[in-house]
Amino acid sequence: MSATTLDAPFVGFAPSVIGTDAPVPLDDGRRVPYANLDYAASAPCLEAVREAISEALPYYSSVHRGAGYASQVTTAAYEKARETVRGFLGARQRSSVVFTRNTTDAMNLLAHCVPSGTTVVVFETEHHATLLPWRRAVRLPAPSSPTEAVAAADRALADSPAGPRLLVVTAASNVTGEVWPLAELAAVARTHGARIAVDAAQLVPHRPLDTTALGLDYVAFSGHKLYAPFGAGVLAGRSDWLRAAGPYLKGGGASASVDEHGNRARWHADPEARHEAGTPNVLGVLALAAACETLAATGWTPLVEHEERLLARLRSGLARTPGVRELTLWGDRSPRVGIVSFVVDGWDARDLAVALSGRFGIGVRDGKFCAHPFVQHLLNADNPTSTDAGGEGCADGGSSAVRASFGIGTTEAHVDRLVEAVAELARRGA
């Protein structure tokens, strides 16, 4: 199949996802193949992930301490998943891999574990999962460039009081898709004796991440954005803060022993056992590991090249459409993953998203994308005369935007359908 064929995701080995081109109804009663452009919210499930879950189900059992064969098989697969994730992230062998529900859960776990008095430096451009959990945070305004981001982090860490310090950054923005300068930010953190935690939820489905090479201390991401929508996430990184903190949840598995009255408990020293109380989401973890294995086996080069072709096609198509404005922090040339947010003159973002679905069978996301301060900053920069303080919607899309996002399974035909639909709606008006 030719690389220029509209419906050809890749040349060579191509992982497939469930639901590509599934039929969906339109307002006029017709049914059309679905154009799913909402991957940044939750990516579809890889076929390989479904197969892995099907293979695991006959021997599914609760993990750890079970003597039965099914429990032993499931426990071995669960613990192997840690090694798979560790390898996927390029993490050190001695680093911890704690399974959580999602990125939000992982970041809240880390916030629970930071030592008392830790100063956390975080940009207002973050997803709420990374912006909100910290007890003592220095919040930095949106930087005007990657260089300014590094300089602002440098100044903030230099001005922080003595004691533990943590720089928290995104790897790729969930609003604009722009990739942040992780190596430079990690170097600044090390210069000041600080640690760095990275929200990698929007990067790892699109690009490789080598935490050791970059010098990252903590990384969090979600399976549901990595083509494994079964409710598991990861916090991976240095063990000492995790080991020193009390359990994130108190209960079975976290406790090594409890006295006969239930008044005193001794917690596991192992950070992974300590912070995974209760029966874990075994199938979610196995799904996540299967996604990591599939992406690693595919190789990143064809994935990245395919995505960059789609990204260029989408951005150029929107740029040619009168009245459409893409939201960007650092300009058109900044590196980014397959995420594009935009507004259309005369259209409320919600109404536009509903029209794209009902008239054209296109799935996008609208709103502030759980990044309210950042989206408001971008909209105010785009329209400096706006006085809107963040209400949900106005005639020109005022306080919200539309986001298109894609990945494996997305075709040029999907992108072209969106561009043509937005052009038609922009021409007609709301």
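The values are calculated or read from the model by the stated rules, or taken from the named source; none is laboratory data. The structure displayed is predicted, hence computed values, not measured ones. Ideal geometry is used to build each Cβ from the backbone, glycine not excepted, and the neighbour counts take in all protein chains shown.
Inspect all residues belonging to the range 135-158 and state whether any of them is outside the structural domain of G338 (by TED's automatic domain parsing), farther than 18 Å from L216 by Cα and at pLDDT below 95. Yes, some residue in the range 135-158 is outside the structural domain of G338 (by TED's automatic domain parsing), farther than 18 Å from L216 by Cα and at pLDDT below 95. Residues considered: A111, A76, A81. Of these, the only one that is closer than 26 Å to K250 by Cα, free of Cβ contacts under 8 Å to residues at least 24 places away in the same chain, aliphatic (A, V, I, L, M) and not assigned by TED's automatic domain parsing to the domain that holds A421 is A76. Taking the range 263-284, which residues are farther than 16 Å from E51 by Cβ and not in a loop (DSSP other than H, G, I, E, B)? Hits for the range 263-284 are A265, R266, W267, P271, E272, A273, R274, V282. Filter the range 102-142 for residues that are of a type in the set (D, E, K, R) and crowded, with 18+ Cβ neighbours inside 10 Å and give the result. Scanning the range 102-142 gives D105, E126.
Taking the conditions exactly as written (without any contact (Cβ under 8 Å) to a residue 40 or more places away in the chain, hydrophobic (A, V, I, L, M, F, W, C), touching a Ser or Thr at 6+ places or on another chain (Cβ under 6 Å) and in the same structural domain as L167 (by TED's automatic domain parsing)), does A254 satisfy them or not? Answer is no for this residue. Taking the listed residues L356, L303, the one that is touching a residue at least 40 places away in the same chain (Cβ under 8 Å), part of a helix (DSSP H, G or I) and either touching a strand residue (DSSP E or B) at 6+ places or on another chain (Cβ under 6 Å) or not assigned by TED's automatic domain parsing to the domain that holds R417 (or both) is L356, with no other qualifying.
The set of residues from the range 20-75 being assigned to a loop (DSSP other than H, G, I, E, B), acidic (D, E) and crowded, with 16+ Cβ neighbours inside 10 Å comprises just one member, D21.
Here's the yes/no breakdown for (1) part of a helix (DSSP H, G or I); (2) among the aromatic types (F, W, Y); (3) within 25 Å of the chain's Cα centre (by Cα); (4) modelled with pLDDT of 60 or more:
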| residue | (1), (2), (3), (4) |
| --- | --- |
| P384 | no, no, no, no |
| D388 | no, no, no, no |
| D396 | no, no, no, no |
| A404 | no, no, yes, yes |
| T410 | no, no, yes, yes |
| A423 | yes, no, no, yes |
| A430 | no, no, no, yes |
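Taking the criterion of being among the polar types (S, T, N, Q) and under 27 Å from the mean Cα position of the chain (by Cα), the only residue of the range 47-73 that qualifies is S54. Condition check for R86 on (1) assigned to a helix (DSSP H, G or I); (2) out of contact with any Lys or Arg (no Cβ under 9 Å at 6 or more places or on another chain); (3) not hydroxyl-bearing (S, T, Y): one failure, at (2).
Per the listing L203, L166, the residue uniquely buried (at least 18 other Cβ atoms within 10 Å of the Cβ), closer than 28 Å to L286 by Cα, of a type outside the set (V, I, T) and within 21 Å of the chain's Cα centre (by Cα) is L203.
Set side by side, the residues E148, E124 differ, and just one is acidic (D, E) and within 29 Å of H224 (Cβ to Cβ), which is E124. Under 6 Å between Cβ atoms, which residue pairs at least 6 apart in sequence (or on different chains) link something in the range 322-351 that is in a helix (DSSP H, G or I) with a partner that is of a type in the set (S, T, N, Q)? That search, which allows pairs on different chains as well, returns A349/S400.
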